[in-house]
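Quick notes on the structure that follows.
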Amino acid sequence: MDAPEFSSRNNDPEWPRKVHAVDLFCGIGGLTHGLRLAGVDVRAGVDNDPACRYAYEANNEGAAFVEKDVSEVTFDDLKSHYGDSAVRALVGCAPCQPFSAHNRHRATTDTDCSLVRHFARIVREGQPELVLMENVPGLASHPAFGELLDLLRELEYTTSVDPKLSCKQFGVPQNRRRLVLLASLIGPVSLPAGDATPPTVADCIQGLPPIQAGEGADDDPAHVTLPLSPLNQERIRHSRQGGSWEDWPAHLRSPCHNDAYYPAPYGRMRWSGIAPTITTQFCYYSTGRFGHPEQDRTISIREGAILQTFPTDYRLVDEENPPTVRELARQVGNAVPVELGRAIGAVFQEAVFQEAVN
């Protein structure tokens, strides 16, 4: 039998088994949404941040947001979200800050690795057929990740690890690299090399209405930015596309701006290029090349979400209890890019199909 399109598989009566998933550390639902676009039925997301509930539930109908710390979750707690005959998938991206390149100066402790170890504990308790751990590349060198791999092999999972996967090959318009671990009890799983050409910054955000720094669009509460200080307003006016603080005249530079200072901060994106990694700090002009290509402001929350491949209509702001711009940037920057989630979902679906035909 020929494999049906990924997006239709969970609705196809001839499809052998459905994939039901639970998303640990789900945030606002980037991974959940991508998996669902591939036809994986994500039944629940678990996160201890109540601020993520609105976006998760508003955009992923039928998926329950479980507000709980993963350290307190057991596999028994998750059983009700899996169907009896379904292939069970457990997916997640433990908060990555302890392993990030931005935190190289921090000592690694057991506390830093505890959420990865809790993820491993839940896998041991339930032994779901499919497992995904997505994180920053730095996690690969930490003992907790090695322990997770050892556990999966002990439980006779087949595993595939890409320690520095480039997200742009799956259509994510960023220079974003991630560690992706896939594991399966139903046959080999791995992410094939993607051949997508990522859209440019212009393709993604050039059509959005112009706004001023510190203001927002009337028809989209997420198309909003932080204000700039008078000094930074003058600085960004001197910045060119693809440039940085090196474009400024001497009187606008601080003492730290010298040959040893990173060139990326205070930069503008290029219309014709792709974006840098969208971090939790993308709302700040000083923390990277997050300046709009031509408007004198940083990119907006909506623009950051689009560059994370969220749909343009993904609802981010609960207007009855609106989060701050900083909170929204943290939520968007922490998310798994939706198109990466879709690619992973396709791998899961293919594994189920191959199990049925072999």
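Descriptive notes on the structure:
- Stokes-Einstein D (µm²/s) once Rh is taken as the Kirkwood radius of the chain over alpha-carbon pairs, at 4 °C in 1.567 mPa s: 61 µm²/s
- Nonlocal amide H pairs with T225, under 5 Å, H built at 1.01 Å: G214, E215
- Once the Cα gyration tensor of the range 125-173 is diagonalised, semi-axes √(5λ) in Å: 23, 14, 8
- D_trans [Stokes-Einstein, Kirkwood Rh over alpha-carbon pairs] for the range 293-358, 25 °C, 0.890 mPa s, µm² s⁻¹: 172 µm²/s
- Dividing the convex hull volume of the alpha carbon atoms of the range 170-237 by its residue count gives 181 Å³ per residue.
- Remark: the range 312-325, residue by residue, has Karplus-estimated 3J(HN,Hα) of 5, 9, 5, 7, 10, 10, 7, 5, 7, 8, x, x, 6, 4 Hz, where x stands for each Gly or Pro and the curve is 6.51 cos²θ - 1.76 cosθ + 1.60 at θ = phi - 60°.
- Under-5 Å amide H pairs with G273, H placed in peptide plane, nonlocal only: V201, A202
- Accessible surface ranking for R297, R270, R17, 1.4 angstrom probe, highest first: R270, R17, R297.
- Couplings 3J(HN,Hα) of the range 272-289, computed from phi: 8, x, 9, 7, x, 4, 7, 9, 5, 9, 5, 7, 9, 5, 7, 9, x, 8 Hz, in residue order, whole Hz [Karplus 6.51 cos²θ - 1.76 cosθ + 1.60, θ = phi - 60°; x for Gly and Pro].
- Qualifying lysines (Cα of each under 16 Å from Cα of K79; at least 8 residues distant if same chain): K18, K68
- Between helix 143-154 and the chain: long-axis angle, C-alpha atoms, 0 to 90°, nearest 10: 20 degrees
- Global size of the range 211-325 as Cα Rg and Dmax, reported in angstrom: 14.5, 48
- Counting only protein chain heavy atoms and rolling a 1.4 Å probe, the accessible areas of H251, H238 rank, largest first, as H251, H238.
- ³J(HN,Hα) computed for each position of the range 115-129 - Karplus, 6.51 cos²θ - 1.76 cosθ + 1.60, integer Hz, glycine/proline x: 6, 5, 5, 5, 4, 4, 4, 5, 4, 4, 5, x, 6, x, 5
- Using distinct alpha-carbon pairs, which all enter the 1/r mean, Kirkwood radius of the range 153-288 in Å: 18.0 Å
- Under the combined filter of DSSP loop state and at most 15 neighbouring Cβ atoms within 10 Å, the range 146-237 retains these GluC sites (Glu not before Pro): E156, E215.
- Less than 5 angstrom separates the built amide H of F310 from those of V338, all sequence-distant by 5 or more or on a different chain.
The values are calculated or read from the model by the stated rules, or taken from the named source; none is laboratory data. Just so it is clear, the model here is predicted, and its values are computed rather than measured. Neighbour counts run over all protein chains shown; Cβ positions are idealised from the backbone, glycine included. We work out accessible area using only protein heavy atoms, side chains counted, and drop any ligands, DNA or RNA first. Shrake-Rupley method; radii C 1.70, N 1.55, O 1.52, S 1.80 Å.
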